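The values are calculated or read from the model by the stated rules, or taken from the named source; none is laboratory data. Not measured: the values here are computed from a predicted model. Quick reminder, even Gly has a Cβ in these numbers, built from the backbone with ideal geometry, and neighbours come from all protein chains shown.
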Amino acid sequence: MLDAVTFTPVAPDPISADPPGSTESPLLTQSWLDLAFLHWAADPADVAPLLPAGTVPDTLDGVTYVGLVAFRMHRVGWLRLPGIPYLGTFPETNVRLYSVDGHGRRGVVFRSLDASRLIPAAVGRTVFRLPYQWSRMTITRDSDTISYTSRRRWPGPSGAHSRITVRVGETIPDPTGLEHFLTARWGLHSAFFDRQLYLPNTHPRWPLHRAELVECDESLITAAGLPAPQGEPVSVLYSPGVPVRFGRPARPGGIPTP
């Protein structure tokens with residue numbers, strides 16, 4: 001097995017706002033709606049031990065990032081079947097890191113995925129080995145202000161929580177390289193029974209907005225094994241969302257999220 005800290009990948013693929021291919025026969029379909037992206041800079045040395053074997057921290061100008069992403073999952077569906085309206089639709093908040101593997105594929109690694117539906121959380125955790133958590137969650141909107149709340153129920157740690165409020169600003173016609181780096185991710189890196197997994201996804205280019213952080217009270221990042229973020233996030237973005245299609249992994253995989 002490759003060591004996640006000392007493994008040296010080939011040159012990463014270029015950062016691209018558009019997917020590198022298409023997904024003609026999707027394994028999963030879903031939509032990610034009303035997303036708030038919060039990011040803090042992180043030391044790659046702090047992140048590396050938390051990544052799956054065969055991956056290393058993906059960096060931009062020597063810096064990697066920790067993301068706290070809150071959104072509405074909408075109508076998860078298998079293959080070409082219609083999305084499920086109730087069990088497949090729920091608020092979610094995830095803590096994610098940025099990775100690159102030995103093929104140069106950039107991706108995300110989820111350290112936690114809080115979801116408000118027990119059955120999807122239990123299936124994702126027990127069958128697919130992804131760090132889903134069952135949480136009490138709400139999303140409320142008042143004009144241009146959106147609030148996302150989460151308080152963990154199972155399996156814990158008990159009391160892990162987040163409350164994020166953002167005020168949506170103007171659209172971003174030409175996102176920066178950093179904004180593409182943080183949002184344009186075309187796959188998930190994980191481990192399935194100690195074997196490396198890469199699950200690709202495709203979706204339209206992100207419609208991004210500037211956002212003002214009104215409130216952020218959270219303990220999900222430290223509960224995920226990361227140092228507490230210092231200061232304000234370096235990037236706060238909002239997106240109304242995109243429809244997403246997931247392709248088939250080389251090995252059996254799990255239910256992915258952003």
Given (1) closer than 21 Å to Ala36 by Cβ; (2) out of contact with any His (no Cβ under 6 Å at 6 or more places or on another chain), Arg151 misses just (2)
From the list Leu188, Leu130, exactly one residue is aliphatic (A, V, I, L, M) and in contact with a helix residue (DSSP H, G or I) (Cβ under 6 Å, 6 or more places away or on another chain). Which is it?
Leu130
Considering only residues that are crowded, with 17+ Cβ neighbours inside 10 Å and more than 18 Å from Pro12 (Cβ to Cβ), look in the stretch 198-208 and name the one that is farthest from the chain's Cα centre (by Cα).
Leu208
Could you look through the stretch 110-126, keep only residues that are among the basic types (Lys, Arg) and within 28 Å of Val47 (Cβ to Cβ), and pick out the one that is surrounded by the fewest Cβ atoms within 10 Å (Cβ to Cβ)?
Arg125
Please go through the stretch 91-109 and pick out each residue that is surrounded by fewer than 20 Cβ atoms within 10 Å (Cβ to Cβ) and in contact with an Asp or Glu (Cβ under 6 Å, 6 or more places away or on another chain).
Gly104
Just checking: which of the strands (runs of 3 or more DSSP E) contained wholly in the stretch 109-225 hold 3 or more residues that are touching a residue at least 40 places away in the same chain (Cβ under 8 Å) and closer than 30 Å to Gly62 by Cβ?
161-171, 187-192, 195-202, 209-218
Give the residue that is modelled with the highest pLDDT, with candidates limited to residues of the stretch 57-74 that are under 19 Å from Gly177 (Cα atoms) and charged (D, E, K, R).
Asp58
Tally up the residues in the stretch 49-63 that are outside any loop (DSSP other than H, G, I, E, B) and touching a Ser or Thr at 6+ places or on another chain (Cβ under 9 Å), please.
3
Given (1) farther than 22 Å from Phe37 by Cβ; (2) of a type outside the set (D, E, K, R); (3) surrounded by 18 or more Cβ atoms within 10 Å (Cβ to Cβ), index of the condition Ser135 fails
(1)
Residue tally, condition surrounded by 17 or more Cβ atoms within 10 Å (Cβ to Cβ) and over 22 Å from Thr55 (Cβ atoms), over the stretch 10-22
0
The lone condition Gly77 fails out of (1) out of contact with any Lys or Arg (no Cβ under 8 Å at 6 or more places or on another chain); (2) modelled with pLDDT of 95 or more is (2)
When every residue in the stretch 167-195 that is among the polar types (S, T, N, Q) and crowded, with 20+ Cβ neighbours inside 10 Å is compared, the one nearest to Trp40 (Cα to Cα) is Thr183
